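Below is one structure, written out as structure tokens, with a few remarks after it.
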Amino acid sequence: MSKRILAAVAAKPGMACAYAHNILHSRWPAAEPVIATDPKAAYFYAYQCVGGEWPEAEPTLFTDPFYAAMYAIYLLHRRWPAAEPVICRGSRAQDYASMLMGYRYPSKQDEWISWMKSRPTAFAPPPPPEPKRKRKRASSQLPWPQADGLVFNHLIDALQRNGMLSKRILGAMAATPKAAWRYADIFLRRRWPEAEPAIAQDPKIAMWYATDVIQGPWPEAEPAIARGDWAEMYARQVLHLPYPQIRKWREMQAKTPVFAPPPPARRTRKPRVSSSSAA
């Protein structure tokens, strides 16, 4: 994937958070300084990717009553005294008082909120930590997305518009059933023979590929589909079989071997010509 595309994604906190959660499935250190500038993106990144406290984003979370309370309730799991003058002005102030301070009754919660609102809101957040050195990560080391929905569509559309949809990326997509089905259905709008051996290994994706792309039966993948949980849906919607014949169809397909992908082609090395034989 192009470094220019990654730089554009990393420049926006919301997109960077979505990329880290839906595609990398882990933290993205290079984009964390940008994500930490937006309270909403910082909270969801800490919740989905960091999995707990994220001190680097706390100065930003101080400024938003809603996400400051959410951060204290679901990530800190304890009181956050420095942010309470701000939390009491948000919609989650009663939840904060009930879940973290033990005030069960609404009258006690309202009393605490009124008392906190009378206090000055100006407080000094902790100084931001020193910026860490960014670890360089080559684009070839990025895992190919197991993406869902708009994130996958936006990435492929950006690659196509910039002429960066290389053979390596297409090969990675062709080896991933879900990505191959989405690319064939949304962008190619036709069958993709190079990816069908990989798609046929996943019963659910093979059923959707036959329904959305082929729009008809797919005999090569039926042995795999018949072994999955989506066999009845495929038999009724695609093959239009009555219910009594579905069981016979599954028994017949169980005896058929699953469509296996062709083995990778071996590279043949050219024989070396020694200097004595060349002379």
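FYI, it's all coordinate maths here, none of it is from the lab. Bear in mind the structure is a predicted one, so any value in this text is a computation, not a measurement. Cβ sites come from the backbone with ideal geometry, for glycine too, and all protein chains shown count toward neighbours.
Filter the cross-link list Lys3/Lys204; Lys12/Lys178; Lys3/Lys178 down to pairs whose alpha-carbon distance in this structure exceeds 29 Å. Please list the in-between numbers first.
On the way: Lys3/Lys204 34 Å; Lys12/Lys178 26 Å; Lys3/Lys178 24 Å.
Check vs 29 Å cut-off fails for Lys3/Lys204.
How big is the Rg/Rh ratio for the range 150-255, C-alpha atoms only, Rh by Kirkwood, two decimals? Can you show the working numbers first?
Numbers: Rg = 15.4 Å, Rh = 14.5 Å.
Taking Rh as the inverse mean 1/r over Cα pairs, Rg/Rh reads 1.06.
Taking θ = phi - 60°, what integer Hz values does the Karplus form 6.51 cos²θ - 1.76 cosθ + 1.60 yield along the range 221-233, in sequence order, with x for Gly and Pro?
Per-residue couplings from phi come out as 9, 5, x, 6, 5, 5, 8, x, 7, 9, 5, 5, 5 Hz.
Tally Lys and Arg at +1 and Asp and Glu at -1 over the other residues with C-beta under 11 Å from the C-beta of Pro39: what net charge comes out?
On the way: positive: Lys40; negative: Asp38, Glu58, Asp64.
In short, -2.
Pulled fully out, how much extra length does the chain show between Leu241 and Arg161, if you take 0.36 nm times their separation in residues and subtract their Cα-Cα distance? Walk me through the numbers on the way to the answer.
Working: separation 80, 0.36 × 80 = 28.80 nm, distance 4.31 nm.
Between Leu241 and Arg161, full extension yields 24.5 nm more.
Report the Cα centroid-to-centroid distance between the range 1-58 and the range 191-255 in angstrom, as an integer.
39 Å
For the pair Tyr74 and Leu170, what calculated FRET efficiency results from E = 1/(1 + (r/R0)^6), where r is the Cβ-Cβ distance and R0 = 45 Å, to the nearest 0.05?
Working: r = 40 Å, r/R0 = 0.89.
For R0 = 45 Å, the calculated efficiency reads 0.65.
For the range 54-60, in order, what is each residue's ³J(HN,Hα) by Karplus, 6.51 cos²θ - 1.76 cosθ + 1.60 with θ = phi - 60°, in whole Hz (x at glycine and Pro)?
Result, ordered by residue: 9, x, 5, 9, 4, x, 6 Hz.
Can you give me the convex hull volume of the Cα atoms of the range 194-254, divided per residue and expressed in Å³?
On the way: hull volume 4.0 nm³, N = 61.
With only Cα atoms used, the range 194-254 gives 66 Å³ per residue.
Kindly write out, for the range 92-99 in residue order, the coupling ³J(HN,Hα) from the Karplus curve 6.51 cos²θ - 1.76 cosθ + 1.60 (θ = phi - 60°), rounded to whole Hz, with x marking Gly and Pro.
With the stated coefficients, the range 92-99 comes to 9, 5, 5, 5, 4, 5, 6, 7 Hz.
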